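Okay, so here's the structure we're looking at.
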Amino acid sequence: KLLRPAVGTTQDHYSFATTPEDLNLIMAVGATPQLSHHRSHYGTSITLLPTNVSACLCTPRSVEYLGYMNRSFQAYDVHCADEPRGDMLKHGDGTGRNVSNAACHAATYHGGTRCCLHEFFLTDIEQSSLIPDQVDNYFLKFRYYFQEYVPASPPIPASHRHMHHFVFLIDEAINDYEEDNAHYGTASIGKISAHVTVRTMGIEDVPESLSWITPLVMTPHCHAPSCIREELWNADTGELLCNVTAKYGSSHYGHLGQVFNEANYIAIPPCIFGYQPGLQLPFRLSPDTKITAIKYFDNTYRHLGQMAQWTGLLVYDTDPS
């Protein structure tokens with residue numbers, strides 16, 4: 001028998017709820033006495049109940065599902081974050097109205113990436129018999145460009161530094177939100193925002209003693225044909241850290257048949273920081289710096305399956321120089 005307190009000894013240890021809850025588990029069986037890849041694994045859950053007081057075994061809970069051809073069903077497990085983290089739950093359509101984004105609930109979801117799962121075809125159920133029983137094979141080719149690493153030789157620093165990735169969603173918990181308009185077809189620009197800190201903006205492998213970060217690449221991710229601009233602000237100082245306006249294929253840049261200049265093709269140039277001529281100088285942010293992210297988009301017409309992200313690369317003060 002193994003016993004331990006319900007509350008973890010530190011914030012890095014799991015704390016069990018003191019009310020009834022489901023606990024998700026990953027179980028695995030080893031293949032050898034030595035530590036190695038497991039022979040088999042399985043995911044399941046167990047229900048934890050108190051032993052000294054009464055607890056309801058059948059607390060009402062509703063689960064929404066999306067069905068495909070009446071034979072495949074996927075749980076619609078979306079929980080929109082409330083303000084101040086983001087707008088999705090209370091002002092989610094970008095118009096400022098007091099409504100949730102339609103993608104927050106399966107009953108109001110009109111479609112998007114969750115309708116494009118593996119082996120899903122975008123067709124009517126009456127046409128199911130017309131879907132050919134065949135598999136398309138395709139191949140990807142990658143080409144990598146790199147510079148050889150030269151270790152530090154004081155007083156000369158190393159030629160390269162290890163960079164860490166970050167990514168977070170303005171449309172927290174959805175990543176598949178809908179853009180709408182209070183008056184469909186009337187020219188309109190929508191806006192959604194999110195509020196995070198550097199510590200919670202999705203930076204990876206964070207060391208315990210982190211004092212500051214230095215962003216070197218910042219770039220938004222959004223979709224044509226509606227994306228207009230995304231902004232990233234230091235909410236503590238009011239400083240605009242990165243402002244990216246989407247560029248669309250246009251005759252201004254040449255023939256519309258030119259590669260990457262097709263009509264409505266979207267390009268999203270990043271913010272790049274460095275000490276080379278022509279680049280913005282790098283800056284530091286503490287883990288507790290407050291960040292505000294904003295996306296502007298054309299919501300004259302409804303757009304489904306939209307994304308609003310910020311991602312990039314940065315270095316930590318704890319990294320070797």
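The values are calculated or read from the model by the stated rules, or taken from the named source; none is laboratory data. This one's a predicted model, so the numbers in the text were calculated from it and none came from an experiment. With ideal geometry, Cβ positions are generated from the backbone for all residues, glycine too; neighbour counts draw on all protein chains shown. Surface accessibility is based on the protein's heavy atoms, side chains included, excluding ligands, DNA and RNA. Shrake-Rupley method; radii C 1.70, N 1.55, O 1.52, S 1.80 Å.
Could you give the dipole magnitude of the stretch 105-190 about its Cα centre, charging the beta-carbon of Lys and Arg +1 and that of Asp and Glu -1, in debye to the nearest 20? Could you put the intermediate results ahead of the total?
Numbers: 4 positive and 12 negative charges, 149 e Å.
It comes to approximately 720 debye.
When averaged across all projection directions, what area in nm² does the alpha-carbon convex hull of the stretch 277-318 cover?
Numbers: hull surface 22.9 nm².
So the mean shadow area of the Cα hull is 5.7 nm².
Using 7 Å Cα-to-Cβ label points, what is the TRP212/ILE228 separation (nm, one decimal)?
Once both label points are built, they end up 3.5 nm from each other.
Where the Cα atoms of the stretch 183-321 are projected onto their three principal axes, how long is each span, largest first, in whole Å?
51, 37, 26
Assuming R0 = 25 Å, can you tell me the calculated FRET efficiency for the pair ILE26 and VAL99, based on Cβ-Cβ distance, to the nearest 0.05?
That pair, ILE26 with VAL99, gives E of 0.10.
Full extension from SER62 to PHE283: what is 0.36 nm times the residue separation minus their Cα-Cα distance, to one decimal in nm?
74.8 nm
With 10 Å bins from zero, work out the P(r) of the chain over every alpha carbon pair and list the percent per bin.
5, 16, 23, 27, 19, 8, 1, 0
How many percent of Cα pairs in the stretch 32-111 exceed 16 Å?
72
Show me 66-76, 197-207, 102-112 ranked by packing, highest mean number of other Cβ atoms within 10 Å first. Walk me through the intermediate numbers first.
Details: 66-76: 12.2, 197-207: 14.8, 102-112: 17.3.
The most tightly packed comes first, giving 102-112, 197-207, 66-76.
On a full-extension model of 0.36 nm per residue, what is the gain between SER45 and THR113, subtracting their alpha-carbon distance, rounded to one decimal in nm?
21.8 nm
First measure r as the distance between the Cβ atoms of SER54 and ALA75, then evaluate 1/(1 + (r/R0)^6) with R0 = 25 Å and state the FRET efficiency to the nearest 0.05.
According to the calculation, E is roughly 0.30.
Can you compute the charge dipole magnitude of the chain about its Cα centre, using +1 on each Lys and Arg Cβ and -1 on each Asp and Glu Cβ, nothing else charged? Give it in debye, rounded to the nearest 20.
So the magnitude is around 400 debye.
So how much slack lies between SER153 and ILE125, counting 0.36 nm per residue of separation and subtracting their Cα-Cα distance, in nm? Before the final figure, lay out each step's value.
Numbers: separation 28, 0.36 × 28 = 10.08 nm, distance 6.67 nm.
Computed gain between SER153 and ILE125 is 3.4 nm.
Hey, what's the Kirkwood Rh for the stretch 240-321 if you take every pair of different alpha carbons, in angstrom?
Evaluated over the stretch 240-321, this radius sits at 16.4 Å.
Of the accessible area of the chain, with the probe set at 1.4 angstrom, what percent is carbon plus sulfur?
Of the solvent-accessible surface of the chain, carbon and sulfur hold 56 percent.
Along the charge dipole of the chain, which of ASN70, ALA28, VAL196 sits closest to the positive end, that is, farthest toward it, with unit charges on the beta carbon of Lys, Arg, Asp and Glu (+1, +1, -1, -1)?
So the residue furthest toward the plus end is ALA28.
Can you give me the accessible area per residue for the chain, using a 1.4 Å probe, in Å²? Could the numbers behind the result be given before it?
Values: 21830 Å² over 321 residues.
The answer is 68 Å² per residue.
If the cut-off is a Cα-Cα distance under 19 Å, which lysines reach LYS247, setting aside same-chain residues fewer than 8 apart in sequence?
Once the sequence-local lysines are set aside, what remains near LYS247 is LYS191, LYS295.
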